[in-house]
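Let me begin by presenting the structure, written as structure tokens, before commenting on it.
The values are calculated or read from the model by the stated rules, or taken from the named source; none is laboratory data. What you are looking at is a predicted structure, and each value in this text was computed from that prediction instead of being measured. We place every Cβ from the backbone using ideal geometry, glycine too, and count neighbours over all the protein chains shown.
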Amino acid sequence: MSADEPTPTTPDPACFGDQEFEDALEPVHLIRRSASVLRAGVLMLGAGTSSLRVRQLMRTVARAVGLDEMQAQITFTDIALTVSRRGIFRTQVGEIANPGVNAHRIAMLHELNSTLAEQVTATEIDDILDRVEQTPRLYPEWLVTVWVALACASVAVLTGASWREVIAVLPASAVSFLVHRFLGRRQVNLLPTVLVASAIATGGFTLISALLTAVLGTPSPRLAAGFICAAIYLVPGFPLVTGGLDLTRIDLNAGIPRVTYAAMVMLSITIGVWIVSGLAGVSPAPVPALDGPPALVWLALVAASFLAVAGWATMFNSPWPMALASGVVAVIANVPRLLLLQHGVSNHIATFVGCVIIGLACHLAGVWFKMTKIIMTVPTMLVMIPGSSALRTLIYFDQADVVQAMRNAIATVLAVIAMVAGLSAARMLTDPEWAFTRPDPPQLGLRALRRP
């Protein structure tokens, strides 16, 4: 019997009033254990990871505090938990009011899941969770703002922007990000917050581009690349990727709300872009690929791939070594994808290949360098998320250009399917919990490469 569990006794009804007698019957030991398990799950889910990892952590904590059985229903914002001990059952519900992404918290809780002792008290668990919850973010806001601006400018380069678009994207995306953070801290509704931030990003880009045109005398033919990418940091990559992974595991309770959330955020981004494009008359038509000496073009693409992913990883509060590792993996995966595209391979097939490489490379980095896979994988995949074509789809619908809208919509859907399929394929090759539904899956594939 653990130190925080009282010796069970049967209360004498004659010694208590009705309320006191009911309180004496409460299974205090079960209540404390259940609360600790639920708190661990809420912290993990609120940090943005998939339901599989949330459930794994909760089961680890439940075993460690001596619970006999645990069942959990996990959605995007809620956890319904039922636990039992000595034939007594208890059900609790936890809620995440403001879903977000905190990669460092995911890493700390993942480490807890891997290193937790076989037997601990609920008090010890609460002490650990207090330290996790009270850990401040790793980077000051000014540094995150700089990295977000670099990431948006880098994605613009990947979509064909020139130096003029980069100059315009940097300040526009930085101001937009600061406004987004300001409204978020004041708990303004997410959807109008995203709408305002996207309008500021695209409006600021349009204004700066107009000033550059006035100074240089000629408009840029690559304006659309920067216009779309100024607000690209708002694309909900984490819920989109984790939602797709949840759906792959047939976890519909978690997957459908995540994907719905991502779709609502994308619609809010597009409404903000609609407003600016309608007022400014900016065409969303894609621009041609970068031209120039091949060595310089590829140097720009490689640097842009690294900076985009490192910037997003910083925005997600990833530890610096994992942010750098994500940038390296992005280069390793994006270069083959770009080569396939140059040789006429369809975008969704090239994306599938790139995402398989990402999944395998992140697994190896996780095994060899003891890094958390999910917080490396999601930022790395963001260079392949079809945010530009998704925004173009809705903008073309707004302009009543149905043919272009449907063309971009089909390209977006195929790219998203390819991303989820590629990452899921890599997960099934490297993680038995993805390849099997049985409770004791065999060790597979690249698991054999684990270092002693």
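Assorted remarks:
- Remark: pairs (first residue in region 253-274, more than 13 Å from Ala197 (Cβ to Cβ); second residue among the charged types (D, E, K, R) and crowded, with 23+ Cβ neighbours inside 10 Å; Cβ separation under 8 Å; 6+ apart in sequence or on different chains) = Ala254/Asp246; Gly255/Asp246; Arg258/Asp246.
- Taking the criterion of being modelled with pLDDT of 80 or more and buried (at least 24 other Cβ atoms within 10 Å of the Cβ), the residues of region 364-381 that qualify are Ile375, Met376, Thr377, Val378, Pro379, Thr380, Met381.
- Residue match in region 406-420 (condition: modelled with pLDDT under 80, among the charged types (D, E, K, R) and more than 21 Å from the chain's Cα centre (by Cα)): no
- Within region 257-271, the set of residues being more than 15 Å from the chain's Cα centre (by Cα) and surrounded by fewer than 24 Cβ atoms within 10 Å (Cβ to Cβ) comprises Met264, Leu267, Ser268, Thr270, Ile271.
- Val54 within 27 Å of Thr193 (Cβ to Cβ) and either crowded, with 22+ Cβ neighbours inside 10 Å or in contact with a His (Cβ under 6 Å, 6 or more places away or on another chain) (or both): yes
- Ile167 being assigned by TED's automatic domain parsing to the domain that holds Ser277, surrounded by fewer than 21 Cβ atoms within 10 Å (Cβ to Cβ), in a helix (DSSP H, G or I) and touching a residue at least 12 places away in the same chain (Cβ under 8 Å): yes
- In the set (1) part of a loop (DSSP other than H, G, I, E, B); (2) farther than 25 Å from Ala149 by Cβ; (3) of a type in the set (Gly, Ala, Ser), the condition left unmet by Ala365 is number (1).
- Filter pass, Gly204 being crowded, with 24+ Cβ neighbours inside 10 Å and under 17 Å from Ser277 (Cβ atoms): no
- Restricting the search to helices (runs of 4 or more DSSP H) fully inside region 178-260 and requiring at least 3 residues that are in the same structural domain as Val287 (by TED's automatic domain parsing) and modelled with pLDDT of 90 or more gives 190-216.
- You will find that of Thr159, Thr145, Thr135, the residue that is crowded, with 18+ Cβ neighbours inside 10 Å and without any contact (Cβ under 8 Å) to a residue 40 or more places away in the chain is Thr145 and no other.
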